[in-house]
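The values are calculated or read from the model by the stated rules, or taken from the named source; none is laboratory data. Quick caveat: nothing in here was measured; it's all calculated off a predicted structure. Every residue, glycine as well, gets a Cβ built from its backbone with ideal geometry; the counts of neighbours run over all protein chains shown.
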Amino acid sequence: MKQLILIVEDDLSVKKLLEITLKEYQFNSISSDGKKGAMMLFLTHTPDLLIVDLGLSDGDGKELIEQIREVSKTPIIVLSARHDEKEIIAALDLGADDYITKPFSINELLARIRAALRRKAQEENISQNVLCGELEMNLASRDIFFKGEKLKLTPIEHELLKYFLLHTNKTLTHKQILKEVWGVGYQNEMQYLRTYVNTLRKKIEEDSTRPSYIKTESGIGYRFSCNKE
Amino acid sequence: MNQKKKNYIKHSYIFKALAVLAIITLISHLFREHLDIINIGLIHIIPVVIVAIHGNMKATIFITALSVIFFNFLYIPPLYSFSVHNELYLWSFIIFAVVGWIITVQAKNLHTQTKQNELRESLLHIISHDLRTPLSTIHGTINLILANDNMDKKDRKNLLEDINYASLRMKRLITNLLDSARLHSDDIDLEYEWCDFEDILGVVLKDFSQKQNDELLAIEIDDLSLFWGDNILLTQLITNLLDNAFKYSKSDTKIELKIVHFTSLVKIEIFNQSEHIDKDKLKNIFDKFYRLEDTNDISGSGIGLAICKSIVKLHGGEIKAVARDNGISIEVELPITKKATLL
């Protein structure tokens, strides 16, 4: 069954590009050029995923994200212009799953759509193990293995890696990670996050200046990538 | 020698004004009976005006003082003395100064405007050239691929790499232009946060081609220390330094990048091999739009290193270019202003 994607975008050329691409790659799509229309379509068609442009002509895309998150966990991918880091962070903190900046490559967008849909499917039937590249986490024992061997991690490194493994292929803002791993009240303690990402990279990356798992999204946060399958 | 001559030509208007003052003195002296004191006073403003339109405040003050002294000494009673009996004449002197001041300020504004226009024009010229070079690569290569359906995979991949690299170059240039506008407005606030140079490098390297990454770059970075600075700008700094090194290095030679933490500063050193370079010229390479001669075939606006300098300055650091035996090394020192407290 084809999956349905709702496009919320007021730039006609971008909208057209998205519609054609999605059709080409076996997705169904519906689209709206404004916030209000989008909410209507969302409620009547229950799409599997949304692509939302942040700058809409009839208001802020963030408000739409907020409204949708009140009623549903449907994956949302945000489209945004460069230089909008604050906007992107705000949208992610409001519950958007991922973002992509214009001009974007179609392959990257498709990869993010697939990752978001896959994550949604995984959440619906939790398995015994989380697999990511050469990393494996046993959900029952909470042990993490790298290349078949148990990783030696400090408690915080372990918590951080666990959080990453449970949220793979998704952009996580600094704030979100700090809040989930260190706890409420630590949202702005960037030095902890930088330090532990650095030490964790030394343990799982082949070359920590060219990371293949923990990718930095400059000014926004991190993305734990599992495309190395 | 040359410099002196230039200086002389630049300030020759002062000598003109002095000559005019001499002629005026002569005329006023010869026709003193027919010219009233008012007219004599008015013609003494002429040298002031001549100098003031050049917008040099010091020169204006000098010539105004001189005019006033001549006028006072020769024509204002008591004659041939510097004392003034009627205090109304003091007002005349003040008016001399005011006229000189107004004209100088206006002239100054005009000068800066002309300069800005020149800068803007050269900027437009450079941008159009620099954007067009990668664009023509992209355009030409795409057409080549479109025209050859049976191209073998490896050739196609190479061509696509070229397109990719050209588009990355365009992207960097646009980022640089936007940043340069931002960095040169005076009231820029750095967004300080804890930065990890290794993390920054990871972001930077994504913007270079695979070949540059794997074969041509040797990185040396010491163990983790966090640096208190503007993450986005430091990323831009490293990107520009690397971009510059790749652009001007001899083809297929290694670039060496070193980032070392000392107790009070972080030192970033980037070395690329190149043909012999005139040491005198190295000083200027951080100026906007300055490029070493005989590099005209390399696409680049010279804007990258100027931005590096702004970023380093904003962090209170130093940047310099040093000629080594077989290449150039750019060295950056950033002072450590805050130490991270770790768990």
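Quick grid of which residues meet (1) touching a Gly at 6+ places or on another chain (Cβ under 7 Å); (2) closer than 27 Å to residue A:88 by Cβ; (3) more than 13 Å from chain B (Cβ to nearest Cβ):
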{"residue": "A:151", "(1), (2), (3)": "no, no, yes"}
{"residue": "A:154", "(1), (2), (3)": "no, no, no"}
{"residue": "A:179", "(1), (2), (3)": "no, yes, yes"}
{"residue": "A:217", "(1), (2), (3)": "no, yes, no"}
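Within region B:191-248, can you find the residues that are surrounded by fewer than 21 Cβ atoms within 10 Å (Cβ to Cβ), part of a loop (DSSP other than H, G, I, E, B), facing chain A (nearest Cβ under 10 Å) and among the acidic types (Asp, Glu)? B:191, B:223, listed by residue number.
Residues in region A:39-61 that are surrounded by 21 or more Cβ atoms within 10 Å (Cβ to Cβ) and at pLDDT below 90: A:54, A:56, A:61.
Does residue B:89 count as out of contact with any Ser or Thr (no Cβ under 7 Å at 6 or more places or on another chain), of a type in the set (Ser, Thr, Tyr) and at positive phi? No.
Is it the case that some residue within region A:166-180 is of a type in the set (Asp, Glu), under 25 Å from residue A:49 (Cβ atoms) and touching a Phe, Trp or Tyr at 6+ places or on another chain (Cβ under 8 Å)? Scanning region A:166-180 turns up at least one residue that is of a type in the set (Asp, Glu), under 25 Å from residue A:49 (Cβ atoms) and touching a Phe, Trp or Tyr at 6+ places or on another chain (Cβ under 8 Å).
Which residues, taken from region A:67-90, are more than 14 Å from chain B (Cβ to nearest Cβ) and either under 12 Å from the mean Cα position of the chain (by Cα) or surrounded by 17 or more Cβ atoms within 10 Å (Cβ to Cβ) (or both)?
Within region A:67-90, A:68, A:74, A:75, A:76, A:77, A:78, A:79, A:80, A:87, A:90 meet the criteria.
Only one of these is farther than 20 Å from residue B:60 by Cα, assigned by TED's automatic domain parsing to the domain that holds residue B:172 and hydroxyl-bearing (Ser, Thr, Tyr): B:83, B:128. Name it. Show your work before the answer.
Details: B:83 fails: assigned by TED's automatic domain parsing to the domain that holds residue B:172.
Within the list B:83, B:128, the selection yields B:128.
Considering A:195, A:173, the condition of being facing chain B (nearest Cβ under 9 Å), β-branched (Val, Ile, Thr) and either under 12 Å from the mean Cα position of the chain (by Cα) or more than 24 Å from residue B:207 (Cβ to Cβ) (or both) is satisfied by A:195 alone.
Kindly provide the set of residues from region B:140-162 that are polar (S, T, N, Q) and not in a helix (DSSP H, G or I), ordered by number.
Initial filter on region B:140-162 (polar (S, T, N, Q)): B:141, B:143, B:148, B:150, B:158.
Passing the criteria: B:148, B:150.
Once region B:28-53 is narrowed to residues that are outside any helix (DSSP H, G or I) and surrounded by fewer than 19 Cβ atoms within 10 Å (Cβ to Cβ), the residue that is modelled with the highest pLDDT is B:53. Residues to consider are B:20, B:68; find the one that is touching a Ser or Thr at 6+ places or on another chain (Cβ under 9 Å), of a type in the set (A, V, I, L, M) and in a helix (DSSP H, G or I). Exactly one of B:20, B:68 is touching a Ser or Thr at 6+ places or on another chain (Cβ under 9 Å), of a type in the set (A, V, I, L, M) and in a helix (DSSP H, G or I), namely B:68. When we screen A:216, A:171 for residues that are touching a residue at least 40 places away in the same chain (Cβ under 8 Å) and buried (at least 20 other Cβ atoms within 10 Å of the Cβ), the only hit is A:171. Being among the polar types (S, T, N, Q), under 30 Å from residue B:267 (Cβ atoms) and either free of Cβ contacts under 8 Å to residues at least 60 places away in the same chain or more than 10 Å from chain A (Cβ to nearest Cβ) (or both) is a condition met by at least one residue of region B:173-180.
Only one of B:95, B:103 is of a type outside the set (Lys, Arg), over 36 Å from the mean Cα position of the chain (by Cα) and part of a helix (DSSP H, G or I); which? Before you say what the answer is, go through the steps one by one.
Values: B:103 fails: over 36 Å from the mean Cα position of the chain (by Cα).
Being of a type outside the set (Lys, Arg), over 36 Å from the mean Cα position of the chain (by Cα) and part of a helix (DSSP H, G or I) holds for just one of B:95, B:103, which is B:95.
Residues in region A:201-213 that are touching a residue at least 12 places away in the same chain (Cβ under 8 Å) and at the interface with chain B (Cβ under 8 Å from one of its Cβ atoms): A:201 alone. Any residue that is modelled with pLDDT under 90, assigned to a loop (DSSP other than H, G, I, E, B) and over 21 Å from the mean Cα position of the chain (by Cα) - is there at least one of those in region A:13-21? Within region A:13-21, none of the residues are modelled with pLDDT under 90, assigned to a loop (DSSP other than H, G, I, E, B) and over 21 Å from the mean Cα position of the chain (by Cα). Report yes if some residue within region A:122-136 is within 11 Å of chain B (Cβ to nearest Cβ), among the small types (Gly, Ala, Ser) and more than 23 Å from residue B:194 (Cβ to Cβ); otherwise report no. Checked region A:122-136: no residue is within 11 Å of chain B (Cβ to nearest Cβ), among the small types (Gly, Ala, Ser) and more than 23 Å from residue B:194 (Cβ to Cβ).
Of all residues in region A:85-98, none are out of contact with any Lys or Arg (no Cβ under 8 Å at 6 or more places or on another chain), outside the structural domain of residue A:41 (by TED's automatic domain parsing) and small (Gly, Ala, Ser). Scanning region B:279-305 for residues that are assigned to a loop (DSSP other than H, G, I, E, B) and modelled with pLDDT of 70 or more yields a total of 1. Whether any residue in region A:51-66 is over 30 Å from residue B:175 (Cα atoms), under 17 Å from the mean Cα position of the chain (by Cα) and not in a strand (DSSP E or B) is what I want to check. Yes, that holds for at least one residue.
Return the residue satisfying two criteria in turn: it lies in region A:167-190 and is among the hydrophobic types (A, V, I, L, M, F, W, C) and touching a strand residue (DSSP E or B) at 6+ places or on another chain (Cβ under 7 Å), and of such residues it is nearest to residue A:122 (Cα to Cα).
Checked region A:167-190; the qualifying residue nearest to residue A:122 (Cα to Cα) is A:172.
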